1. Per residue of the chain, what 222 nm ellipticity follows from adding -39500 (n - 2.57) for every DSSP H run with n ≥ 4, rounded to the nearest 500?
2. Going by amide H atoms built from the backbone, whose H comes under 5 Å of the H on Gly157, apart from near neighbours?
3. How high is the relative contact order of the chain, in percent, counting Cα pairs under 8 Å that sit 6 or more residues apart?
4. Which cross-chain or sequence-distant (5 or more) residues have an amide H under 5 Å from the amide H of Ile109, H modelled 1.01 Å from N in plane?
5. Averaged per residue, what accessible area in Å² does segment 5-217 show with a 1.4 Å probe, protein chains only?
6. Quantify, in whole percent, the carbon and sulfur part of the accessible surface of the chain (1.4 Å probe; protein heavy atoms only).
7. What is the dipole size for the chain, taken about its Cα centre, with +1 at each Lys and Arg Cβ and -1 at each Asp and Glu Cβ, in debye to the nearest 20?
8. Restricting to DSSP loop positions (anything but H, G, I, E, B) with no more than 16 other Cβ atoms inside 10 Å of their own Cβ, which trypsin sites (Lys or Arg not before Pro) remain in segment 109-173?
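The values are calculated or read from the model by the stated rules, or taken from the named source; none is laboratory data. In this text, all values refer to a predicted model and were calculated from it rather than measured experimentally. Here the Cβ is made from the backbone with ideal geometry for all residues, glycine too, and neighbour counts use every protein chain on show. Note: areas computed on protein heavy atoms with side chains; ligands, DNA, RNA excluded. Shrake-Rupley method; radii C 1.70, N 1.55, O 1.52, S 1.80 Å.
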Amino acid sequence: MIVNERITDYINSLAKELTPELRALEREALRNHVPIIKKETQGLLRFLLCMQQPKRILEVGTAIGFSALFMSEYSQKDCRITTIEKVEMRLVEARKNLSDPRFASRDKIRLCEGEALEILKELVQEQRQFDFIFLDAAKAQYMAFLPELMKLLEVGGILVTDNVLQDGMVTNSRYSVIRRDRTIHTRMREYLYTITHHEKLETVILPVGDGVAISKRQ
Ligand SMILES: C[S@@+](CC[C@H](N)C(=O)[O-])C[C@H]1O[C@@H](n2cnc3c(N)ncnc32)[C@H](O)[C@@H]1O
């Protein structure tokens, strides 16, 4: 937790309730240690969806479908969501949840199965454009995804990147980070430097959840 626990708990206590179906799915994910968006990130995402009112959302990192179903619930009726996942164990659950009739807005969602970088390239080939991208996959690949994401994000669109501060680890000096984490530390710092200095992006990094970067395409 990168923000004082008491403050986070207080802010979360003010959050609007999830629908009972989403609450049940959230509980199931937490019980099975599936890394879904935290409560405080949910609040931020919900606010951004309300502000931006996107029509075409791209999500990289479906897991079991919680955030996709969350976005389908709190976006406009005519919004469509494309979400990408590659791990079979997650896909089994995602397929099940995304076709569960209890989730009334599930028809907005299209699940793309496979390696994100390849699917992103296919979407670029198809000349697809998105006005909201939620990036929540393997952190080490964010730099590799970025050129494709820039082609897919329309002018005025928003790129939301989750987990960018990695429990605060990113702020530590490279030498105090254990060897196993050094590659991810270097790559995330490179990603954050790039999106904060990119001529086509205006970016803010917020200490919400495990750190969220919000970038607007100029
Ligand atoms: C943090 S979880 C996503 C959680 C989900 N967004 C939610 O909040 O409900 C990240 C997911 O991204 C998937 N993932 C990671 N790298 C990927 C890649 N290169 N291509 C496709 N999926 C990937 C992982 O298998 C994992 O299920």
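1. Values: 8 runs with 91 residues, N = 218.
For the chain, the value works out to -13000 deg cm²/dmol.
2. Under 5 Å from the amide H of Gly157 lie the amide H atoms of Arg217, each far enough along the sequence or on another chain.
3. On the way: 347 pairs, mean separation 42.6, N = 218.
Computed over the chain, the figure is 20 percent.
4. Under 5 Å from the amide H of Ile109 lie the amide H atoms of Ile81, each far enough along the sequence or on another chain.
5. Values: 10900 Å² over 213 residues.
Per residue, segment 5-217 has 51 Å² of solvent-accessible surface.
6. Working: 5890 of 11290 Å².
Carbon-and-sulfur percentage of accessible area, whole number: 52.
7. Values: 33 positive and 31 negative charges, 27 e Å.
Magnitude of the dipole: close to 120 debye.
8. Working: sites: Arg110, Lys121, Arg128, Lys139, Lys151; in loops: Arg128.
Hits after loop and neighbour filter: Arg128.
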